[in-house]
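Structure first, then comments.
Values quoted throughout were computed directly from the atomic coordinates according to the rules given, and no laboratory measurement underlies them. For clarity, every value in this text was computed on a predicted model and none was experimentally measured. Ideal geometry is used to build each Cβ from the backbone, glycine not excepted, and the neighbour counts take in all protein chains shown.
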Amino acid sequence: MYREVKDGEILTVNQVKNVLRNEFPHADIQGILGVHSEYDEKRKAGATFYKKTGLGPLPQALFNGVPFNSEEMDAAKLETIILQRIMDATGFFQRAVFMGLLNDHMDAIDFLMDQCNVVSRINPTILGNEKRYLNFISAAVPFGAHDFSTFSFLDSQDKSAIISENMPYLTKKDVIYAVTIWIAADFDKPSGRRLLSNALKHLKTSSRIRLGILNNPASKITEDTTIIAKGILAAFLTQKNSNIRNFLSKITKEEIASSLATGAKIKKFLVGMDDNTFEKKYNTLGVDIIKTHQMFCQEVLRLLPGQMAVVSNGRILGPLNESEFYAEDFHLLEKITLGTTAEKIKAIVKEMGISSRRGSDLIMKVDALLSSLPKMDVRQHVEFLKEQHR
């Protein structure tokens with residue numbers, strides 16, 4: 001097909017059809033290129049896979065799943081770079097065989113997919129070098145998140161302390177968690193509900209994270225513009241974890257959100273929950289805590305009203321685009337967070353014998369502190385010559 005294309009021109013649909021007719025005169029061209037063709041389904045599947053990988057602008061080339069950067073895509077250098085990649089991969093496989101990690105009875109692709117550096121999606125926001133962290137170093141502040149007037153006079157460190165001390169969490173069990181994730185969004189908007197829904201999808205498959213939410217409304221905060229935000233907060237503050245998960249799964253569906261926006265009462269969707277406790281909290285919650293959340297998002301997380309962010313053990317990722325964070329991204333974020341210092345800190349904290357809430361908070365704060373410090377060389381013990389001859 002490309003032989004039919006002259007220099008400087010691009011391949012056209014008519015050229016593709018002409019080649020198919022010449023090479024396969026009995027073929028059904030419409031059956032191959034039509035909208036309902038099985039080949040078109042594979043094309044759509046390929047496009048969906050590409051979108052989920054987060055690889056970035058096309059064209060892209062990968063070697064054993066590792067993408068080439070823009071400089072390596074230079075046609076003049078590509079052959080040399082591929083040869084170098086082959087040599088590097090050969091050495092990797094030889095070491096694996098020598099160490100008994102790979103043999104003739106194993107699939108080499110499966111072996112590659114089991115490596116710790118393999119991820120289901122590449123997200124530059126998570127993998128990038130630019131990182132911001134919350135500062136949790138603050139003396140105890142005797143105020144709650146509902147006290148908006150006092151909250152507004154505090155500095156960033158004290159604001160972070162109040163939010164962390166008063167944050168309710170969705171968990172699976174009453175255990176110490178190595179990863180704490182906060183989601184900041186306007187949950188009365190579809191984009192915020194999609195982000196929350198993606199986090200819930202990941203939570204179904206993970207038992208190593210706890211989830212908290214921060215409200216960052218785009219519009220003026222009133223009782224009428226924060227129906228879903230208040231419902232989410234009321235559920236977190238009054239319900240068991242299983243009920244919270246079920247309620248959040250319902251309320252993030254667009255048909256239910258539309259019903260609430262057109263006047264449906266939220267109690268209609270409280271199936272299987274502690275209705276009385278929820279309604280009492282919902283009706284008396286007010287909007288000060290939502291104002292506190294919004295101020296924290298704007299002054300500490302540096303978000304504009306309505307913008308979204310994800311915070312993982314104090315690391316701030318945002319502002320995010322509407323389609324920037326999928327369930328696979330939460331999996332990647334958990335993996336990256338655990339792989340740095342969180343897992344090691346957890347092992348130490350578990351030996352302290354403190355409660356799951358205090359332990360999880362401590363891991364979050366220590367991880368944020370250590371990760372925010374500049375990287376130093378590993379400390380080494382030096383034995384002086386005069387000590388050897390004593």
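Computed from backbone phi with θ = phi - 60° and the Karplus coefficients 6.51, -1.76 and 1.60, the 3J(HN,Hα) list for the stretch 148-156 is 5, 4, 6, 4, 5, 8, 7, 7, 4 Hz; x is used for glycine and proline. Among K281, K131, K44, the largest mean-square fluctuation in a Gaussian network model of the chain (Cα springs under 10 Å) belongs to K44.
For the chain, what is Rg from Cα atoms divided by 2.2 N^0.38 Å, rounded to two decimals?
Numbers: Rg = 26.7 Å, N = 390, 2.2 N^0.38 = 21.2 Å.
Relative to the 2.2 N^0.38 Å estimate, the chain comes out at 1.26.
Distant-in-sequence amide contacts of F63, defined by a placed amide H-H separation under 5 Å and a gap of 5 or more residues or a different chain, comprise F68. With axes computed from alpha carbons, what is the tilt in degrees of helix 75-98 against the longest principal axis of the chain, rounded to the nearest 10 within 0 to 90? Tilt relative to the chain: about 70 degrees.
Provide H36, H293, H202 in ascending order of the number of other Cβ atoms located within 10 Å of each residue's Cβ, fewest first.
Sorted ascending by nearby Cβ count, the order is H36, H202, H293.
Rounded, prolate or oblate: which one fits the stretch 2-63, using the alpha carbon gyration tensor with axes a ≥ b ≥ c (rounded when a/c is under 1.5, else prolate when a/b beats b/c, else oblate)? Display every interim value, and only then the final one.
Numbers: a/c = 2.96, a/b = 1.36, b/c = 2.18.
Oblate, since a/c reaches 1.5 and b/c is not below a/b.
For the cross-link pairs K52/K220; K173/K201; K159/K201; K173/K265; K51/K346, which exceed 28 Å when the distance is taken from alpha carbon to alpha carbon? Could you put the intermediate results ahead of the total?
Numbers: K52/K220 34 Å; K173/K201 17 Å; K159/K201 30 Å; K173/K265 31 Å; K51/K346 35 Å.
Where the Cα-Cα span goes over 28 Å, the pairs concerned are K52/K220; K159/K201; K173/K265; K51/K346.
The angle between the Cα long axis of helix 288-299 and the main principal axis of the chain comes to about 50°, on a 0 to 90 degree scale. Full extension of the chain between N129 and Q60 yields a length gain of 22.7 nm, computed as 0.36 nm times the residue separation minus the alpha carbon distance. When L62, L303, L338 are sorted by how many other C-beta atoms sit within 10 angstrom of their C-beta, beginning with the fewest, the order is L62, L338, L303.
Other residues within the sphere of radius under 12 Å centred on the Cβ of T48, judged by their own Cβ, net out at +4 (K and R +1, D and E -1). Bridges between two residues of the chain, per DSSP, are antiparallel at a rate of about 65%. Phi angles of the stretch 102-115 translate, via the Karplus equation with coefficients 6.51, -1.76, 1.60 and θ = phi - 60°, into HN-Hα couplings of 9, 9, 5, 8, 10, 7, 5, 5, 4, 4, 4, 5, 8, 6 Hz per residue; Gly and Pro are given as x.
Here the 3J(HN,Hα) profile of the stretch 24-29, calculated from phi with Karplus coefficients 6.51, -1.76 and 1.60 at θ = phi - 60°, is 9, x, 9, 6, 8, 4 Hz, Gly and Pro shown as x.
At a Cα cut-off below 21 Å, give the lysines reachable from K17, other chains included and same-chain residues fewer than 8 away excluded. Partners within reach: K6, K42, K44.
Residues whose amide H comes within less than 5 Å of that of N216, counting only those at least five positions distant or on another chain, are A185, D186, F187 (H built at 1.01 Å from N in the peptide plane). Helix 227-238: angle to the longest alpha-carbon principal axis of the chain, degrees 0 to 90, nearest 10? So the inclination is approximately 70 degrees.
Residues whose amide H lies under 5 Å from that of R315, counting only those 5 or more places away or on a different chain, are L134; hydrogens are built 1.01 Å from N in the peptide plane. Footprinting exposure proxy ranking of E4, E9, fewest other C-beta atoms within 10 angstrom first, gives E9, E4. About its Cα centre, the dipole of the chain is roughly 1120 debye, where the only charges are +1 on Lys and Arg Cβ and -1 on Asp and Glu Cβ.
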